[in-house]
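Here is the structure we will look at.
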Amino acid sequence: MTLPVVKFGTPVLRQKGARIDAITPEISGLVADMFETMHHAHGVGLAAQQVGHALQLAVVDVRGIKDRPSRLWIDGQDASVDAFMPLVLINPVVHAVGPRERGPEGCLSFPEIFGDVERPSEVEVRALNERGEEYHFKAGGLLARAVQHEYDHLQGILFIDRMDSATRDDVRAEVEELQAATKRARAKG
């Protein structure tokens, strides 16, 4: 089922997600709904907060993105990104291991708002999958950026928080209008 994606100004986007202790039928259903929602919206990642649940859960799928390549290493060996997708990240732990680089980002909770964000170019990730099994990998390129973006959501951090002041100033009017529209919509019920 496609879920509504909450927009900036919705309080759950600023909430740190609760740890998931068991893969229940409700969690499994939420994972499936999040993938459907993300694909329907043409996104590459989606955090539980973006669909109204403050949990340590995100999904990522960078297949088909050719203009911003991804890199993947499993146990120190190059691996196929497409074969590893889609990803379920439950209770993820993310460590930066690469130099910082600027790159464009958007967010399904900020429709049509884009800006450059500086992030580490590579990350090491440890998480549980949809079966509750622990796995780990190292990512670079778009996959590293997407994982970091979604991990931030799980901590209540938004991509606008990572923008430098000049970039934030460039999108300020759009962000303020989105926040005001969200508050008006929430007030109507």
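Each value in this text was obtained by applying a stated rule to the coordinates, not by laboratory testing. These numbers come from a predicted model, not from an experiment. Cβ sites come from the backbone with ideal geometry, for glycine too, and all protein chains shown count toward neighbours.
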*Within the group PHE35, PHE8, which residue is within 27 Å of ALA180 (Cβ to Cβ), in contact (Cβ under 8 Å) with a residue 24 or more places away in the chain and among the aromatic types (Phe, Trp, Tyr)?*
PHE8
_Is it the case, given these coordinates, that GLU26 is without any contact (Cβ under 8 Å) to a residue 24 or more places away in the chain, out of contact with any helix residue (DSSP H, G or I) (no Cβ under 9 Å at 6 or more places or on another chain), over 30 Å from ALA173 (Cβ atoms) and among the charged types (D, E, K, R)?_
yes
*Determine whether ASP161 is among the charged types (D, E, K, R), within 29 Å of ILE27 (Cβ to Cβ), out of contact with any strand residue (DSSP E or B) (no Cβ under 8 Å at 6 or more places or on another chain) and exposed (fewer than 14 other Cβ atoms within 10 Å of the Cβ).*
yes
*Evaluate segment 20-39: report whether one residue or more is of a type outside the set (A, V, I, L, M, F, W, C), farther than 16 Å from ARG145 by Cα and surrounded by 20 or more Cβ atoms within 10 Å (Cβ to Cβ).*
yes
*1 or more residues farther than 18 Å from GLY52 by Cβ, of a type in the set (Lys, Arg) and touching a residue at least 40 places away in the same chain (Cβ under 8 Å): qualifying strands (runs of 3 or more DSSP E) within segment 101-189*: 110-120, 134-140
*asked:* Yes or no: segment 59-79 includes at least one residue that is surrounded by 17 or more Cβ atoms within 10 Å (Cβ to Cβ), of a type outside the set (Ser, Thr, Tyr) and closer than 23 Å to ARG14 by Cβ.
replied: yes
